[in-house]
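**Student:** My structure is below; once you've seen it, I'll send some questions.
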Amino acid sequence: MNNAPPFHITDGYYANQGVCDVMIDAFQRALPDVEQSIEYYPQGRIAAHIRQGEDLCFPCMIRNVRPADIVTYSDLVLEYPAHGIITRPELAKEFTKQFGNPVDLVELLKQRNYRFAQPMGRRYGDLQPYIERFLLNTEHFSEVSGKDANANMLAMVNARRVDFVIDYPMLLNYHNQVLPIDLVFIPILQNQATHVEGAVGCPPTAWGNRAIELINQAIPQVRQDEAFQAAKDRWLLLQNP
């Protein structure tokens, strides 16, 4: 696990109530005979451990359409609303005026006029290739590391150190509950009609494949778990104020 509200929440009023925290609890109830332990690592370190084939799984990953050589994905556990742009209100008006609403992300990135931040180890599904093509290794790209990377990247936008980030609407909703910030969410043209598939990711090793077998057996029960259903309603269905 890592500290990434509202997926995993490690402290504060909502501690241990993130949607992925409650998912793990549901898996423990569904697999009472399987020994489980929880470790806390930064996002980048989790990705490195999985790449190295170590015996661990990460409960909240984006399930890529194409199979990856470094990760074995479970069946679908939950769906997230599509990623969008989070930015300051004045830039939201500028973006929608120039690039439409939903925003044409490719046209925005091609301008190379706006500063973007992304937490280390995070990926944005079908949008990631556009970021890597137009922004990666340029002066307009910043990578955010550390325990509070999600909160820090929103603070960077609010403080005008970067101009926009990409994430789920529920990230902004969570931070508006904890510490209201003057940022807005805009949908993206390239993914507006899609949902992001959430799954458990394990290394493609004998250990990882066995873990995925057990996890897949438990997923129907997890999806029906009342506490997990309540956590999804709390975080995924919230609307921006």
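**Student:** Kindly indicate whether LEU31 is surrounded by fewer than 21 Cβ atoms within 10 Å (Cβ to Cβ), in contact (Cβ under 8 Å) with a residue 40 or more places away in the chain and over 22 Å from LYS147 (Cα atoms).
**Tutor:** Considered against the rule, which asks whether it is surrounded by fewer than 21 Cβ atoms within 10 Å (Cβ to Cβ), in contact (Cβ under 8 Å) with a residue 40 or more places away in the chain and over 22 Å from LYS147 (Cα atoms), LEU31 comes out as yes.
**Student:** Moving on to the next point. If I filter the range 116-147 down to residues being in a loop (DSSP other than H, G, I, E, B) and under 17 Å from CYS60 (Cα atoms), which single residue comes out as modelled with the highest pLDDT?
**Tutor:** Per the criteria, the residue is TYR124.
**Student:** Then there's this: Could you look through the range 34-54, keep only residues that are of a type in the set (A, V, I, L, M, F, W, C) and closer than 14 Å to TRP207 by Cα, and pick out the one that is surrounded by the fewest Cβ atoms within 10 Å (Cβ to Cβ)?
**Tutor:** VAL34
The values are calculated or read from the model by the stated rules, or taken from the named source; none is laboratory data. Values in this document were obtained by computation on a predicted structure and should not be read as measured data. When we count neighbours, we look across all protein chains shown, and the Cβ atoms used for this are built from the backbone with ideal geometry, even at glycine.
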